[in-house]
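Okay, so here's the structure we're looking at.
The values are calculated or read from the model by the stated rules, or taken from the named source; none is laboratory data. As the structure is a computational prediction, the values presented were derived from the model and not from experiment. Every residue, glycine among them, receives a Cβ derived from its backbone with ideal geometry; neighbour counts consider all protein chains shown. What goes into the accessible areas is simple: the full protein's heavy atoms, side chains included, and nothing from ligands, DNA or RNA. Shrake-Rupley method; radii C 1.70, N 1.55, O 1.52, S 1.80 Å.
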Amino acid sequence: MGTLDGRNALVTGGGRGIGAAISQALAAEGANVAINYAKRPDPAEEVAASIRAMGRTAEIFQADVSDYEACEAMTTAATAKLGPISILVNNAGIASRGNTVAEGDPHEMERVVRTHVFGSWYMAHLLVPQMRELERGDIVQITSSATSGLSANGSPYNMAKTAQEAFAHTLAKEEMPNGIHVNIVAPGLVDTEMGSRLMRAVRGVESLRELDAESAFGHVCTPQEIASVVTFLCGPGASYVSSQRIYVSGGTADSR
Ligand code: NDP
């Protein structure tokens, strides 16, 4: 028996990195999973195969979450294949390039904000009505410890992640009477393609292993260490938890 037996989840960006670990962790607790990807079907299909090997249902769905019509087509197709979705994880994301506001690119700013913020709103807008009909719904926003530091040279990403958090707290109040929990998981640096690219650009390291010794608890956070918190939030152990932000950063993000 798993804590999520009989539930259906949709994980945006669920085919790689943190999203892949979340898809697998939810499935390990019994959920069937709709795995969204934008451009790369192969890793998404590999994650789906690993979930099917656990005896669960998994399907992959292409959609750019910054495109409302694409989100609508995906949620319709996912619901038709899996049934009503009771867990939504808004994980899909892109980093920004590290420019000041003055040197930044307006198109990049729009792309980053659209992906994180518009994408999260679109997905919740489309899935909340069906969650309201179910015994329980869960929406988890994957934001970032960037919302604690709000460092220079990251305005598109900082704006996007902070807006995602404002959205989550608002939605939590709206949907609490309908049995829907909305929570935020805010990682620090995580060992994924995005994390590696970021550290290559900012710290000049070839491998994240070079940062293990200086990291909290002696290692860079793994995607599984984010996924286990998401799984907890969606499960019976978090039945009275909503509108909370959990920094998963080894204690390195201060909570403002
Ligand atoms: P990766 O770059 O490793 O993976 C990104 C995922 O998002 C991929 O599955 C990608 O799909 C998907 N994606 C990107 N853009 C879109 C889009 N427009 N529509 C649908 N899917 C999209 O990133 P991580 O796993 O590292 O990051 C996951 C989340 O965690 C992001 O929101 C990120 O901001 C956040 N985060 C990451 C940290 C880190 O250090 N890694 C730290 C803090 C937060 P495809 O495979 O098709 O390209």
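For A186, nonlocal amide neighbours, meaning residues 5 or more places apart or on other chains whose placed amide H falls under 5 Å from its own, are T143, I246, Y247, V248.
Solvent-accessible area of the chain (1.4 angstrom probe, protein heavy atoms only): carbon and sulfur portion equals 54 percent. Among G83, G15, G119, the largest mean-square fluctuation in a Gaussian network model of the chain (Cα springs under 10 Å) belongs to G83. Annotation note: chymotrypsin sites (Phe, Trp or Tyr not before Pro) in region 163-256 located in DSSP loop regions with a Cβ neighbour count of at most 11 within 10 Å are Y240.
For the set H125, H181, solvent exposure ranked by accessible area (probe 1.4 Å, protein chains only) runs largest to smallest as H125, H181. The phi torsions of region 97-113, fed into the Karplus equation with coefficients 6.51, -1.76 and 1.60 and a -60° offset, translate into couplings of 7, x, 9, 5, 4, 4, 8, x, 10, x, 5, 5, 4, 5, 5, 5, 5 Hz, rounded to whole numbers, with Gly and Pro shown as x. Loop-resident GluC sites (Glu not before Pro) (DSSP state other than H, G, I, E or B) in region 81-129 with no more than 16 further Cβ atoms inside 10 Å of their Cβ: E103.
What the Cα atoms of the chain give is an Rg and a Dmax of 17.2, 54 Å.
A Förster distance of 35 Å, applied to the separation of the beta-carbon atoms of M1 and M176, puts the FRET efficiency at 0.80. Per-residue Karplus couplings for region 28-33, computed as 6.51 cos²θ - 1.76 cosθ + 1.60 with θ equal to phi - 60°, are listed in order as 4, 8, x, 6, 8, 10 Hz, Gly and Pro entered as x. Summary value for region 38-88: 28 percent relative contact order, contacts being C-alpha pairs under 8 angstrom separated by 6+ residues.
Solvent-accessible area of C71, all protein chains in place: 0 Å² (probe radius 1.4 Å, heavy atoms, ligands and nucleic acids excluded). What the phi angles of region 40-54 give under the Karplus curve with 6.51, -1.76 and 1.60, with θ = phi - 60°, is a coupling list of 10, x, 5, x, 5, 5, 5, 5, 4, 5, 5, 6, 4, 5, 7 Hz, glycine and proline written as x.
Note on R200 and K81: the model spin-label points, each 7 Å out from Cα along the C-beta direction, lie 3.1 nm apart.
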